[in-house]
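Peer 1: Below is a structure I'd like to ask you about.
Only the coordinates and a few stated rules stand behind these numbers; no lab work does. Note that the coordinates shown come from a computational prediction; the quantities given were computed from them, not determined experimentally. FYI the Cβ positions are ideal-geometry reconstructions off the backbone, even for glycines, and counts take in every protein chain you see.
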Amino acid sequence: MNALGLIFCDHYSSNLPNNELTRSRTPASLPFGGRFRAIDFSLSSMVNAGMSDIGVICKENYGSLIDHLGSGEDWDLNRRNGGITLLTPLARPETKIWPIRGRLDALRAYKQFIADARQELVVLAFGGTIANIDLEAMLEEHVKNDAFVTLAYSNIPAYTGEMILHLQEDGRIENISYQREEEAGRHYFALGTYIVNRLDLLDFLDKADNNDYTNLNRDFVQRNLASCRIYGYHHQGYARIIRTIEDYFASNMDMLNPELKMELFDAEHPVYTKVKDSVPTLYDYHAIVENSLIADGCVIKGSVKNSVIFRGVVVEEGAVVEDSILMQKSTVGKNAQVCRVITDKNVVINEETEVRGASSLPFVIGKGKKV
Amino acid sequence: MKRKEMLAMLLAGGQGSRLYVLTQEMAKPAVPFGGKYRIIDFPLSNCTNSGIDTVGVLTQYRPLELHTYIGNGQPWDLDRMQGGVHILPPYVSGSTGEWYAGTANAIYQNIQFIEKYDPEYVLILSGDHVYKMDYSQMLDFHKAKKADATIATLQVPIEEASRFGIINADADDHIYEFEEKPAHPKSDRASMGIYIFTWEKLRKYLIEDENDPQSSKDFGKDVLPRMLAAGERLFAYCFDGYWKDVGTIESLWEANMDLLNPHIPLNLSDPDWRIYARHDHNLMPQYIGRNVRVGESIVTENCTLDGCSLWYSVLFSGVTIGAGSVLNSAVVMQDVKIGKNCTIKYAIIASDAVIEDGAVIGAEPEHYHGGEWGIAVVGSGAVVKAGQVVRPKEMIKPKTVKEAD
């Protein structure tokens, strides 16, 4: 299907914009599942739907994102025409740097990019959504419903203040509400993926300029709800939006569950990521490993249980790692004990050290720190 | 075309007949190695790491797998605007077709390709060795010696020297004699089959050799002795490091086992000398389930291990092993499915094979008394039915089924 992709890499969905994990990176570049980054899911969904013209909107903190995406060749997006376009903050002589106060504001900032595209439809996605959405099916539904906008949703719990969809039987969105603190349980929760006709979007962006609209959900979706055909698309498979450390921990641990893993990494819709040329992982004579995902390039000499281990991690002799996430190139020294911990990249846990997180909140060790 | 100082010509057309079932469907350089590599990754990565950006790959035997694997050369950074990797199969000339008749003839037939780049030097490589080597140092040596040809040599134990092409050189490394597999070797310097030639000279001798009806058109047997006899400057470059010809089932298995031995200097994780490979996408990290014992082994992405025990083994990507199975000193290639309660020892299982529950493949040499011992091999896509036994040294052909007689 002929669609232009735009991926938001902002912090708007995050309740903890300044936590240890996202202080130096966007939610879209959060490492996930041992070898992926969050943006791999939205990028791969688009590529699997035959899209080859994708703009990645990065507002701040996008160093690691640019490094990850490179020329786009790992997603087959190093194309002569289109491919990946990084939409970095732009300055114009008359406005200085565009401040980007919301996702709609971002679309206003890059209106020219949207206007220059030739595709009929636009897919907007949040780079921090962990879901393998079948965009081909969603695009088909959008066209079939003759919709103005289609929003992907999943039946997952929403946090306070987050948008909840109320649907008619035919999938049309009747109403939108925001999660109140006392309401618990699962809701039709929007995943930050929208399909819209490109010319309709451009028209609306002019209107948004005139009224200084900045918020995609409130100004674009909600304002048009009564007058336009706005539909929901039910994404059936695994879906999470990482908003908190607990979310991050839980969704990584979900990948130890074979069924959830299969849902997300469905063979028909491959998830692509940056190739690192790591060597296979070496297990020493004394290695003890149980119920863990382990990426390539690791050296495991100690014990690893119920954990997700990224590329290039070293677990030395006698070390015990349990219920933890160790990101790329972390090292756990001899006889160290690590339980309910998230180590960011290049963390060193010294020999004989014990690090333990609370049962409610895992302990996060920031990038490159030594403990 | 911009001039290249040196380009590499990689001889990848060999069948590798001593790898039997493993090369029944692919050329030797395409044979998988070490969990995620193919043999050809070594010379190709060495080229890139040595600053050589133009490589001709000469293919002939069963080239499909190799051609697909090399593709546009992107994994080795050899997708270049100027140069890059070029696949050079034999071609039809005039009304007759012509296969490559020998290593020298293969290069002779591609003189036109080489001249397009107008190089000063040409590096000749083969696709059957596992090693890490900086060819730029060899080129420096070649230049310093003002050599016409330089042959890379490796010191081998003198008692094994009679298995190799032996180079006799003086203290200055100036070669004065070649001996092909001599019964009584005079030196322990074996040729590694890696040559640098000054192109002008090589071109002359390739044409001379081609016009000699007596010649077998081989570098080692014909071209180099001809150059030596004519008084050209031939030098022996001394290489010090791991190098293994993986031309037999035993040596291929051994080279895989060498990766597990920390005392053997074949470090594939050196960030300054990476070995690149073409990767499959959509691979999850490996999943190690419950009650698994895994030691002294290397395991690659997308493997799923559950309730099994794995010792001294090399697993390629996508291998699954069921509960109760025991592997010892096994090399298991991509996407092999191993059922429950299987025993696999001293064996190579080629890609996509299926080993059903309770099958027994290979045995430890010290525990086998049923005849001549050797590595057991299951060819790619073969099925070993439940409870069947594949004896040591037995080979199951690709895509066949081993079942009860």
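Peer 1: Any idea how far the Cα center of the stretch B:263-330 sits from the one of the stretch B:186-241, in Å?
Peer 2: If you average the Cα positions of each part, the centres end up 41 Å apart.
Peer 1: Which length gain, in nm to one decimal place, applies between B:His369 and B:His263 when the Cα-Cα distance is subtracted from 0.36 nm times their residue separation?
Peer 2: 35.1 nm
Peer 1: Here's another thing I want to ask about it. From Cα pairs below 8 angstrom and at least 6 apart in sequence, can you work out the relative contact order of the stretch B:176-333, rounded to a whole percent?
Peer 2: 12
Peer 1: Just grab the label-to-label distance for A:Leu167 and B:Glu177, each label 7 Å out from Cα along the Cβ direction, in nm (one decimal).
Peer 2: The modelled label-to-label distance comes out at 8.6 nm.
Peer 1: Report, in degrees rounded to the nearest 10, the 0 to 90 angle that the Cα long axis of helix A:245-254 makes with the longest principal axis of chain A.
Peer 2: It is inclined by approximately 80 degrees.
Peer 1: What 222 nm value per residue comes from the helices of chain B, counting each DSSP H run with n ≥ 4 as -39,500 (n - 2.57) and dividing by all residues, nearest 500 deg cm²/dmol?
Peer 2: -4500 deg cm²/dmol
Peer 1: With label points built 7 Å along Cα→Cβ from the Cα atoms of B:Asn168 and B:Lys397, find their separation and express it in nm.
Peer 2: For B:Asn168 paired with B:Lys397, the spin-label model returns 4.7 nm.
Peer 1: Could you pull out every one of the lysines with an alpha carbon less than 21 Å from that of B:Lys116, ignoring same-chain neighbours closer than 8 positions?
Peer 2: B:Lys2, B:Lys4, B:Lys201, B:Lys204
Peer 1: When the label point is put 7 Å from the Cα of B:Ser17 along its Cα-to-beta-carbon vector, which residues of the stretch B:97-137 have a backbone N closer than 20 Å?
Peer 2: Residues B:99-106, B:127-129 qualify, since their backbone N sits under 20 Å from the label point.
Peer 1: For the pairs A:Lys59/A:Lys274; A:Lys144/A:Lys274; A:Lys276/B:Lys28, note any where the Cα-Cα span goes beyond 31 Å.
Peer 2: A:Lys144/A:Lys274
Peer 1: Over its Cα atoms, what ratio of radius of gyration to 2.2 N^0.38 Å does the stretch B:258-405 give?
Peer 2: 1.04
Peer 1: Quickly work out the A:Asp67-to-A:Asn224 label distance, labels modelled 7 Å from Cα along the C-beta direction, and quote it in nm with one decimal.
Peer 2: Between A:Asn224 and A:Asp67, the simple spin-label model gives 3.8 nm.
Peer 1: Taking only Cα atoms of chain A, what ratio of Rg to Rh do you get with Rh as the Kirkwood inverse-distance radius?
Peer 2: Rounded to two decimals, Rg over Rh is 0.99.
Peer 1: Another question, then. Can you list the aspartates and glutamates whose alpha carbon sits under 16 Å from that of A:Lys301, skipping same-chain ones fewer than 8 residues off?
Peer 2: Answer for A:Lys301, where 16 Å is the Cα cut-off: A:Asp284, A:Glu290, A:Glu316, A:Glu317, A:Glu322, A:Glu351, A:Glu352, B:Glu296, listed by chain and number.
Peer 1: Taking 0.36 nm per intervening residue step and subtracting the Cα-Cα distance, what contour gain separates A:Arg101 from A:Asp116 on full extension?
Peer 2: Extending this stretch completely gives an extra 3.1 nm.
Peer 1: Stick to Cα atoms and the Kirkwood definition of Rh, then tell me Rg/Rh for the stretch A:282-365.
Peer 2: 0.92
Peer 1: What per residue convex hull volume, in Å³, comes out for the stretch A:95-167 when only alpha-carbon positions are used?
Peer 2: Value for the stretch A:95-167: 150 Å³ per residue.
Peer 1: Around B:Leu310, which amide H atoms from residues at least 5 apart in sequence, or from another chain, sit under 5 Å from its own amide H, with H modelled in the peptide plane?
Peer 2: Amide H neighbours of B:Leu310, under 5 Å, 5+ apart: B:Arg293, B:Val294, B:Gly295, B:Leu327.
Peer 1: Per residue of chain A, what 222 nm ellipticity follows from adding -39500 (n - 2.57) for every DSSP H run with n ≥ 4, rounded to the nearest 500?
Peer 2: For chain A, the value works out to -5500 deg cm²/dmol.
Peer 1: Select from B:Met81, B:Met26, B:Met227 the residue whose mean-square fluctuation is largest in a Gaussian network model of chain B (Cα-Cα springs shorter than 10 Å).
Peer 2: In this elastic network of chain B, the residue with the biggest mean-square fluctuation among B:Met81, B:Met26, B:Met227 is B:Met81.
Peer 1: On a full-extension model of 0.36 nm per residue, what is the gain between B:Asn211 and B:Lys2, subtracting their alpha-carbon distance, rounded to one decimal in nm?
Peer 2: 72.1 nm
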